[in-house]
Amino acid sequence: MNRFALAGAKTIAEAATAASATVATAMTTPPERMGYADLSVVKAGGIDLLDLLKEGLLAPSKLVNLRDVPGLDAVAEEADGLRVGPMVTLASLAAHPLLQERYPALVDAVAGSASPQIRNVATLGGNLLQRPRCWYFRSHAFHCLRKGGGHCFAIQGENQYHAIFNNMPCAIVHPSTTATALVALGATVELKNAAGVTRRLMLEDFFVPLERDLQRENDLAPQEILTAIRLPNLPPGARMAHIKQGEKDSFDWPLADVAVLLDLDPGGNCTRASVFLGAAAPVPHRARAAEAVLTGRRIDEGVAVQAARAALQGATPLSKNGYKLLLFETLVHRAVLKAIV
Amino acid sequence: MFSPTSAMTVETQHPGDDAPANPPLVTIELHVNSAVWTLCVEPRMTLAEALRGPLQLTGTKIACNRGACSACTVWLDGVPICSCMMLATDVGTRSVTTIEGLASGEKLHPVQQAFIDHDALQCGFCAPGMIMSCAALLERSPQPSADDVRAAISGHYCRCGTYPHVIAATLDAAKMRRA
């Protein structure tokens with residue numbers, strides 16, 4: 001790790017003012033500017049940030065610590081849903097009674113992320129803002145497209161953990177399992193900048209696809225703080241499931257994960273479906289064709305099979321990740337049936 | 001065992017510093033195993049480095065140094081965390097418990113004793129972290145199931161493959177504690 005200062009912010013405004021860069025902008029700052037007094041980034045739990053610092057992938061002069069900013073680590077009930085602070089740890093989120101009662105599929109996703117030790121420190125905000133796990137991106141030795149270089153090493157290289165959708169010209173997958181479940185249930189995010197301006201947008205729209213920008217996964221701007229994640233109240237007929245498949249059961253990033261939300265009318269027909277695939281694309285991937293199959297239908301085994309096939313429409317697997325097609329098909333099938341149980 | 005005085009000051013430097021900026025050392029207090037240490041450290045020093053370096057509490061091991069193996073597990077206010085992924089300067093007033101703080105004098109913690117009785121370590125490198133996770137489990141769940149133990153140690157790598165013995169030892173330690 002390079003040398004840096006650690007500054008504790010006391011308010012959101014103070015933190016936003018001090019944060020001259022996002023982690024993404026800091027990583028593409030020219031090397032001659034690195035380490036100088038004007039490159040400061042926000043630290044939440046610090047898990048992903050320390051990982052990047054230890055690999056020498058960014059060299060900020062200052063970390064702005066959110067730990068002592070009041071009000072960021074609370075889960076609050078609001079008229080239209082729950083407001084979750086970005087500093088709530090994954091462990092406390094998974095253990096929260098209101099989440100367990102109302103969003104058990106989200107709890108599955110959160111509790112299945114990382115290891116117990118990491119969940120005790122890692123925050124929801126940091127989880128959503130973490131950088132991708134692509135091993136070329138994570139290696140100092142590869143100056144890849146996402147770090148401002150001219151080449152994606154995964155597309156012709158070791159791409160078994162990479163994207164099967166929208167994977168040109170960069171084949172990362174979004175690293176957050178929690179994000180897959182959150183976008184499926186229609187979560188929104190709230191962002192505040194140094195000038196005091198608040199932005200609210202759907203989490204789905206907060207994530208940045210390749211065609212908008214190759215060098216960042218989300219729309220966070222320098223001098224802007226993620227201040228809340230809002231979970232909407234779900235209608236009484238809503239049914240949700242999240243399933244993750246990793247290479248090992250103990251703890252791992254997913255090879256594939258799927259979140260399904262179905263609104264069922266009293267007659268058992270699906271009036272609205274959200275189907276998202278995680279670890280499939282550079283952003284959580286909405287499987288629109290699967291949603292179309294499910295909408296208006298009474299959900300049964302046959303419909304689940306059709307939806308699972310439809311979910312893979314448009315996939316463009318790379319040389320070593322074709323196995324993900326069958327994996328996702330199976331997970332969508334299972335998640336649809338799990339949701340209606 | 002180490003017996004820290006109530007205040008110690010140790011300065012540390014990292015080799016290979018090449019960043020042009022050179023932020024000043026900061027003075028922090030660390031509450032570790034019921035003692036308070038005053039340290040003058042670089043802000044980039046991790047808790048694991050502070051424990052093993054200036055504090056000489058070398059029971060805590062660093063293996064992957066990325067939060068992926070959990071060998072460095074300590075308690076922060078009683079909750080297991082990876083000390084390699086926490087800056088020493090970020091600990092604040094929270095109390096740290098390391099493997100050295102688990103025994104009462106010469107009497108081992110039941111989990112430590114059970115690890116010996118059940119031969120739950122071979123090379124021993126993962127054992128301090130593993131014991132901290134299992135002891136924390138017994139604090140929050142005095143009568144755990146084997147699956148509870150599996151979940152508690154799910155973050156740990158043991159390349160000697162002692163997992164079955166670790167589970168047996170922890171279940172036995174739970175019985176010893178209740179006896």
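Size of the protein assembly as shown from its Cα atoms: along the principal axes, largest to smallest, the extents are 71, 61, 49 Å.
With the Cα gyration tensor of region A:156-268 in hand, give its eigenvalues times 5 under a square root as the equivalent ellipsoid semi-axes, listed largest first in whole angstrom. List each step's numbers first, then the result.
Values: eigenvalues 126, 124, 32 Å².
Value: 25, 25, 13 Å, ordered largest first.
Between A:VAL283 and residues 5 or more places away or on another chain, which pairs have amide H atoms under 5 Å apart, with H built 1.01 Å from N, and which residues are they? Result for A:VAL283 returns A:HIS174. Between A:ASP252 and A:MET168, the FRET efficiency estimated from the beta carbon spacing at R0 = 25 angstrom works out to 0.40.
For region A:187-192, the Karplus equation 6.51 cos²θ - 1.76 cosθ + 1.60, evaluated at θ = phi - 60°, returns couplings of 5, 10, 10, 10, 10, 10 Hz by residue, with Gly and Pro reported as x. Considering lysine pairs in the protein assembly as shown that are 8 or more places apart or on different chains, how many have Cα atoms under 21 Å apart? Lysine pair count for the protein assembly as shown: 19. Can you pull out the GluC sites (Glu not before Pro) in region A:132-217 that DSSP calls coil and that have at most 16 other Cβ atoms within 10 Å? The qualifying sites are A:GLU158, A:GLU211.
Remark on A:GLY81: its backbone amide H falls under 5 Å from those of A:ASN233, a criterion applied only to residues 5 or more positions apart or on other chains, H modelled at 1.01 Å from N.
Exposed loop sites here are trypsin sites (Lys or Arg not before Pro) in DSSP loop states with at most 10 other C-beta atoms within 10 Å. What is the longest stretch of chain A lacking them?
On the way: sites that count: A:LYS10, A:ARG212, A:LYS248.
After excluding every exposed loop site, the longest remaining stretch is A:11-211.
Which whole-number percentage describes the relative contact order of region B:129-172, with Cα contacts under 8 Å and a sequence gap of 6 or more? Could you put the intermediate results ahead of the total?
On the way: 25 pairs, mean separation 20.6, N = 44.
That works out to 47 percent.
Annotation for A:ALA76 and A:VAL305: the two label points, set 7 Å from Cα along the Cα-Cβ direction, are 5.0 nm apart. Projecting label points 7 angstrom from Cα along Cα→Cβ for B:ASP119 and B:ALA151 puts them 3.1 nm apart. Under 5 Å from the amide H of B:LEU87 lie the amide H atoms of B:LEU47, each residue being 5 or more positions distant or on a separate chain, with H modelled from the backbone and absent for Pro and chain starts. Solvent-free Debye calculation, one equal scatterer per alpha-carbon of region A:33-178: log10 I(q)/I(0) at 0.10 Å⁻¹ equals -0.44. Dividing the Cα radius of gyration of region A:5-67 by 2.2 N^0.38 Å, with N the residue count, gives 1.02.
Computed over Cα pairs, the Kirkwood radius of region B:26-101 leads via Stokes-Einstein (1.306 mPa s, 10 °C) to a diffusion coefficient of 133 µm² per second.
Across chain A, the mean sequence separation of Cα contacts (distance under 8 Å, 6 or more residues apart), normalised by length, yields a relative contact order of 17 percent. So what is log10(I(q)/I(0)) for region A:152-217 at q = 0.25 1/Å, when the Debye sum runs over its Cα atoms only? Rounded to two decimals, the profile gives -1.13. The alpha-carbon atoms of chain B, seen along their principal axes, cover 54, 32, 24 angstrom, with the largest extent given first.
Sequence gap at least 6, Cα distance under 8 Å: using those rules, report the relative contact order of region A:238-340 to the nearest whole percent.
Details: 200 pairs, mean separation 28.5, N = 103.
Averaging sequence separation for qualifying contacts and normalising by length gives 28 percent for region A:238-340.
Compute the long axis of helix B:127-140 from its Cα atoms, compare it with the longest principal axis of the Cα atoms of chain B, and write down the angle in degrees, 0 to 90, nearest 10. Helix B:127-140 sits roughly 70 degrees off the main axis of chain B. Considering every alpha-carbon pair of region B:110-178, the percent of pairs per 5 Å bin, from zero through the bin containing the longest distance, is 3, 21, 36, 26, 10, 2, 0. When you filter the GluC sites (Glu not before Pro) in region A:49-118 for DSSP loop state and at most 15 other Cβ atoms inside 10 Å of their Cβ, you are left with A:GLU55.
Between A:GLU211 and A:GLU158, what is the spin-label point distance in nm, taking each point 7 Å from the Cα along the Cα→C-beta axis? The modelled label-to-label distance comes out at 3.3 nm.
Peptide B:78-90 shows a mean partner chain C-beta count of 6 within 10 Å per residue C-beta. For chain A, the longest principal axis of the alpha carbon atoms and the long axis of helix A:323-340 meet at an angle near 70°. Calculated mean residue ellipticity, 222 nm, the protein assembly as shown: -7500 deg cm²/dmol, from DSSP H runs (n ≥ 4) at -39500 (n - 2.57) each, averaged per residue and rounded to 500. Size of region A:238-340 from its Cα atoms: along the principal axes, largest to smallest, the extents are 43, 30, 23 Å.
Each value in this text was obtained by applying a stated rule to the coordinates, not by laboratory testing. Computed from a predicted model, the values in this text were never measured in an experiment. Please note: Cβ atoms are built from the backbone with ideal geometry, for glycine as well, and neighbour counts cover all protein chains shown.
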